[in-house]
Amino acid sequence: MLEVLQYSFIQNALIAGILISIAAGIIGSLVVVNKITFLTGGIAHSSYGGIGLAIYLGIPVLFGATIFAVLTAIIIAIITLKNRTRIDAIIGIMWASGMAIGIIFVDLTPGYNVDLMSYLFGSIIAVSNEDLIFMSLLDFFIIFIILFFYKQILAVSYDSEFASLRGINVKFFYTLILILAALCVVAAIKAVGLILVIALLTIPTYLAETFANKLSSMMMISSILATIFTIIGLIVSYVYDISSGASIIMVSVIILTVVKLIGLKR
């Protein structure tokens with residue numbers, strides 16, 4: 001089994017899995033605490049438009065998806081801050097339109113034939129060195145933002161009214177959290193794809209809540225759990241020759257179920 005580590009694509013997959021897990025653990029904690037899972041799902045699927053646009057323009061896919069996802073996050077933040085009564089309809093519209101835009105641009109690209117399933121369900125073994133650089137920079141950026149604005153993000157996440165009374169710009173930090181979620185989604189596309197990315201953001205955090213009593217602890221535990229799930233999922237994917245994204249998520253679900261069942265018995 002260990003001999004597979006000599007292959008560069010396996011090494012890249014493991015490094016990417018660790019980098020993505022760090023980001024997913026941190027951002028997943030914010031997504032769960034702020035109850036914006038549905039919003040993040042909308043951003044994830046809307047970013048498919050950026051993938052299609054990048055393919056059409058011949059630019060790096062992750063770059064196109066990043067720009068599209070961040071713009072979507074800003075638009076969603078502006079709309080939801082002004083009109084929370086129709087959030088579900090707004091997200092549904094942006095979700096569908098983003099996917100449609102991506103498909104149309106891919107169809108319009110002359111002579112382009114690609115397995116779009118890899119973007120929907122992930123293909124971590126196809127990670128390139130450029131992707132690893134992007135993921136590394138993303139991790140450093142996320143960690144820097146969290147360390148620098150931890151108190152403000154903590155206040156906004158748990159009690160936005162109190163944070164506003166303390167003079168914290170709630171709108172800014174709410175938008176910042178959505179932008180960070182968008183960046184994390186783009187990074188995770190390579191690992192688990194757009195369809196399964198929300199599971200990677202929420203399952204480790206949901207399990208980490210059992211062991212953590214504060215946000216910082218939840219972030220660290222979530223990152224560790226996400227790393228474990230990813231590595232085991234990659235092993236299962238290699239042994240049984242199945243999709244890496246689906247393997248990672250199924251490992252996460254099984255471990256979560258076992259832990260919760262043990263907790264209920266106790």
How many residues does segment 204-225 hold that are in a helix (DSSP H, G or I) and touching a Gly at 6+ places or on another chain (Cβ under 8 Å)? 10
Kindly indicate whether residue 121 is of a type outside the set (Ser, Thr, Tyr) and at pLDDT 80 or above. no
Matching helices (runs of 4 or more DSSP H) fully within segment 91-203 where at least 1 residues are acidic (Asp, Glu) and in contact with a Leu (Cβ under 8 Å, 6 or more places away or on another chain): 129-148
Suppose we filter 168, 124, 133 for residues that are more than 17 Å from residue 46 (Cα to Cα), among the β-branched types (Val, Ile, Thr) and in contact (Cβ under 8 Å) with a residue 60 or more places away in the chain; which single one remains? 124
For segment 186-196, enumerate the residues that are closer than 15 Å to residue 250 by Cβ and not small (Gly, Ala, Ser). 192, 195, 196
Scan 178, 147 and give me the residue that is crowded, with 20+ Cβ neighbours inside 10 Å and not hydroxyl-bearing (Ser, Thr, Tyr). 178
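Scan segment 39-60 for residues that are within 21 Å of residue 121 (Cβ to Cβ) and either at pLDDT below 85 or of a type outside the set (A, V, I, L, M, F, W, C) (or both) and report the count.
Our first condition is that a residue be within 21 Å of residue 121 (Cβ to Cβ); within segment 39-60, this holds for 40-55, 60.
From what's left, either at pLDDT below 85 or of a type outside the set (A, V, I, L, M, F, W, C) (or both): 40-42, 45-50, 52, 60.
The qualifying residues number 11.
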Among (1) surrounded by fewer than 17 Cβ atoms within 10 Å (Cβ to Cβ); (2) modelled with pLDDT under 90, which single condition is residue 253 missing? (2)
Residue by residue through segment 233-254, note down the ones that are farther than 15 Å from residue 20 by Cα, in a helix (DSSP H, G or I) and of a type in the set (Gly, Ala, Ser). 237, 246, 247
Can you tell me which condition residue 23 does not meet? The list is (1) crowded, with 22+ Cβ neighbours inside 10 Å; (2) more than 28 Å from residue 160 (Cβ to Cβ), and all the others hold. (2)
Index of the failed condition, residue 163 passing every other in (1) closer than 23 Å to residue 78 by Cβ; (2) crowded, with 18+ Cβ neighbours inside 10 Å; (3) in contact (Cβ under 8 Å) with a residue 60 or more places away in the chain: (3)
Pull up segment 56-66, narrow it to residues that are of a type outside the set (Phe, Trp, Tyr) and buried (at least 17 other Cβ atoms within 10 Å of the Cβ), then point me to the one that is farthest from residue 16 (Cα to Cα). 64
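The values are calculated or read from the model by the stated rules, or taken from the named source; none is laboratory data. This one's a predicted model, so the numbers in the text were calculated from it and none came from an experiment. FYI the Cβ positions are ideal-geometry reconstructions off the backbone, even for glycines, and counts take in every protein chain you see.
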